[in-house]
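This structure is in structure tokens; I'll ask about it shortly.
The values are calculated or read from the model by the stated rules, or taken from the named source; none is laboratory data. These numbers come from a predicted model, not from an experiment. The accessibility values were calculated without ligands, DNA or RNA, using every heavy atom of the protein model including side chains. Shrake-Rupley method; radii C 1.70, N 1.55, O 1.52, S 1.80 Å.
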Amino acid sequence: MNLKPGVGKTTSAVWLAHALHESGLSPLLVDGDPAASALRWSELADGFPFPVIALPVGDVHRRVNDFLGNRQAVVLDAPQLEDHPRIARSIMRYASEWIVPVTPAPIELDRMAPILGEMADVQSLRAEPARTAVLLNRTNRPDATRTGPDADAREALTERGFEVLNTHIARLDLYAQSFGNPVQAKGSAYMDFAEELIKRQDEV
């Protein structure tokens, strides 16, 4: 989830769902964005190896379980909060883990403060608090900073109270140009992303 579009929410959701599938889990991908980009991606790719459903509605949290079946994981692609707050907040009410993809650019980091308020508002509606984490997306090459990819951004987010995942997604055409194409997550950073999320779940 994020306040704005264009930060890699759909790309992250689709690649994560494939990574979970390739890890042996059976995910359900829920496209909550009225633009239906994840659903369209699956159509252009002649289908994904797991179900994709469109639920761009304000009561997603009440409907998802009707489609769950024996699926072991649900990945929800949320629309931007600033344009579709009712849908995004409903998804946040359902999801046990909120992932915020962030490009480590100053203008993007500056927009992170209001997200904390949105998170606090939705947490108050939940029986149990959701876990939250930032996924650094479209990061620079490892030699771009002395201490790793976009270390300054990681430090700034941590100082503002965000938990930042160890996994980061590099700025690669492999991801940026993948819309509409079949996805193979093996060997990609999204496999690391999936493994980190599974480990977080196991720790709970």
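Non-local amide H neighbours of Val74 (under 5 Å, H modeled in plane, Pro and chain starts lacking H): which ones?
Those qualifying (amide H under 5 Å, at least 5 residues apart or on another chain) are Leu28.
Please give the length that would be gained between Asn70 and Glu155 if that part of the chain were fully extended, namely 0.36 nm times their separation in residues minus their C-alpha to C-alpha distance (nm, one decimal). Present the calculation step by step, with values, prior to reporting the outcome.
Numbers: separation 85, 0.36 × 85 = 30.60 nm, distance 3.97 nm.
Computed gain between Asn70 and Glu155 is 26.6 nm.
Running a GNM on the chain with Cα contacts under 10 Å, which residue among Ile87, Ile115, Ile169 ends up with the highest mean-square fluctuation?
Ile115
What does the convex hull of the Cα atoms of the chain come to per residue, in Å³, rounded to a whole number?
Working: hull volume 24.2 nm³, N = 204.
It is 119 Å³ per residue.
Using heavy-atom solvent-accessible surface (probe 1.4 Å) with all chains present, what is the largest-first order of His18, His84?
Heavy-atom accessible area, descending, gives His84, His18.
In the calculated pair distance distribution of the range 48-105, what percentage of Cα-Cα distances lie above 13 Å? Intermediate results must be reported in sequence, preceding the final value.
Numbers: 1043 of 1653 pairs.
So the pairs more than 13 Å apart make up 63 percent of the total in the range 48-105.
Please work out the C-alpha center-to-center distance from the range 172-189 to the range 102-126 and express it in whole Å.
27 Å
What is the gain in length, in nm to one decimal, between Glu195 and Asp121 on full extension, counting 0.36 nm per residue of separation less the C-alpha to C-alpha distance?
On the way: separation 74, 0.36 × 74 = 26.64 nm, distance 2.90 nm.
Full extension of this stretch gives 23.7 nm more.
Quick one: among Asp66, Asp152, Asp173, which has the greatest mean-square fluctuation in a GNM of the chain with alpha-carbon springs under 10 angstrom?
Comparing Asp66, Asp152, Asp173 in the GNM, the peak value goes to Asp66.
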